[in-house]
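For reference, the structure discussed in these notes is given below.
The values are calculated or read from the model by the stated rules, or taken from the named source; none is laboratory data. This is a predicted model, so every value here is computed, not measured. Counting neighbours? That spans all protein chains shown, and the Cβs are built from the backbone with ideal geometry, glycine included.
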Amino acid sequence: MNFIKFNNLKFDNPTVAKKCETFIDKHIDEILSTEDGTNFLLNLPIKYFMSLCKSDALNIHSENTLIEFIQKYLKHRDGLPKLPEEEVQLDFSLLTDAEKEAREKLKNEKIAEEAKKRDEEQK
């Protein structure tokens, strides 16, 4: 199977996107058996990755293959900056003022620590 590499390809047409999902569902084993195919899937946006893993139509011969792919995907994503949809949005409305202040202090300390690391790395 040959894969054509497209950078930042987006399908605004739902019909085309659905056909791509159907193709991947049907040929997942074959796609994962190649380095290009695996790399393609490793670079899927998180929402497509999650949709793929949840798909009832996924034609995979071994659950272990899927588990191994999930582990590879998560390891690959771990080294990348988080996308906005991956950021956890917490509801602080039930916290006391003291709890909110403590969380804000921790957040600011973390930001300062990260900035210090970046400065040291640039030297």
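Some notes on this structure:
- Selection of segment 107-123 for residues being assigned to a helix (DSSP H, G or I) and farther than 29 Å from Phe92 by Cα yields Arg118, Asp119, Glu120, Glu121, Gln122.
- Just one of the listed residues (Asn59, Asn64) is in the same structural domain as Cys20 (by TED's automatic domain parsing), part of a loop (DSSP other than H, G, I, E, B) and at pLDDT 90 or above, namely Asn59.
- Answer from Phe69, Phe23 - the residue that is surrounded by fewer than 12 Cβ atoms within 10 Å (Cβ to Cβ), modelled with pLDDT of 90 or more and assigned to a helix (DSSP H, G or I): Phe23
- Segment 34-56, subset of a type in the set (Val, Ile, Thr) and outside any loop (DSSP other than H, G, I, E, B), residue modelled with the lowest pLDDT: Ile46
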